[in-house]
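What follows draws every value from the coordinates through simple rules; no lab data is involved. From a predicted model like this one, the values you see are computed outputs, not experimental measurements. Quick reminder, even Gly has a Cβ in these numbers, built from the backbone with ideal geometry, and neighbours come from all protein chains shown.
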2 protein chains.
Amino acid sequence: MCEANAYFKSNGQEVLFMESVDVIEPYEDGLKLVDIFGRQKFVRAKIKDMTLLNHRIVLEETVGFKHDTE
Amino acid sequence: MCEANAYFKSNGQEVLFMESVDVIEPYEDGLKLVDIFGRQKFVRAKIKDMTLLNHRIVLEETVGFKHDTE
């Protein structure tokens, strides 16, 4: 399937933040990510880049890293 | 494959902007979109939402609609 994994770039490393992301909704202060099971996370980050064929979303923090668990 | 089509919402209608998008790179003033053939477009828009399983990227204009053809 065509979901993607969301990673944070941290000290040159990529850290997995959320797997199997289907829906991405940007907001003023961050992003809502919803996975294929309907689980949601809100994160104060923006999209750095995405490569859909590689199922990759790379995020970068915006204002102080705070994320909701679902 | 897992590329997606990019649409603009215009007067309640969705207008196809670019097919088979693989890479998305947000910039301060817009987005660079690259398709599976390597063709690039830059557009003064931001992502409204994305549903990867439906291969859909919905864009919304930011400052005056200007897009580069590749």
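For residue A:9, which inter-copy label distances result when the label point lies 7 Å beyond Cα on the Cα-to-Cβ vector, reported in nm to one decimal and in ascending order?
Those separations, rounded to one decimal, come out as 3.0 nm.
Grab the Cα-Cα distance for residue A:40 and residue A:27, subtract it from 0.36 nm times how many residues apart they are, and report the gain in nm with one decimal. Mind showing how you got there, number by number?
Working: separation 13, 0.36 × 13 = 4.68 nm, distance 1.40 nm.
Length difference between fully extended and current span is 3.3 nm.
Let me understand chain A better: what is its radius of gyration from the alpha carbons, and its Dmax, in angstrom?
11.1, 33
Report the net charge of residues surrounding residue A:23, where surrounding means a beta-carbon distance below 9 angstrom and charges are Lys +1, Arg +1, Asp -1, Glu -1. Mind dumping the intermediate values first?
Numbers: positive: A:32; negative: A:22, A:25, A:35, B:49.
Charge balance in the 9 Å sphere: -3.
Restricting things to alpha carbons, find the Rg to Rh ratio for the protein assembly as shown using the Kirkwood radius for Rh.
On the way: Rg = 14.3 Å, Rh = 15.1 Å.
The Rg/Rh ratio comes out at 0.95.
Got the residue B:29 label distances to the other copies yet, label 7 Å along Cα→Cβ, in nm, shortest first?
Distances to the matching label points in the other copies: 2.9 nm.
Label-to-label distances across copies for residue B:48, with labels 7 Å out along Cα→Cβ, in nm, shortest first?
Its label point is 2.9 nm from the equivalent points in the other copies.
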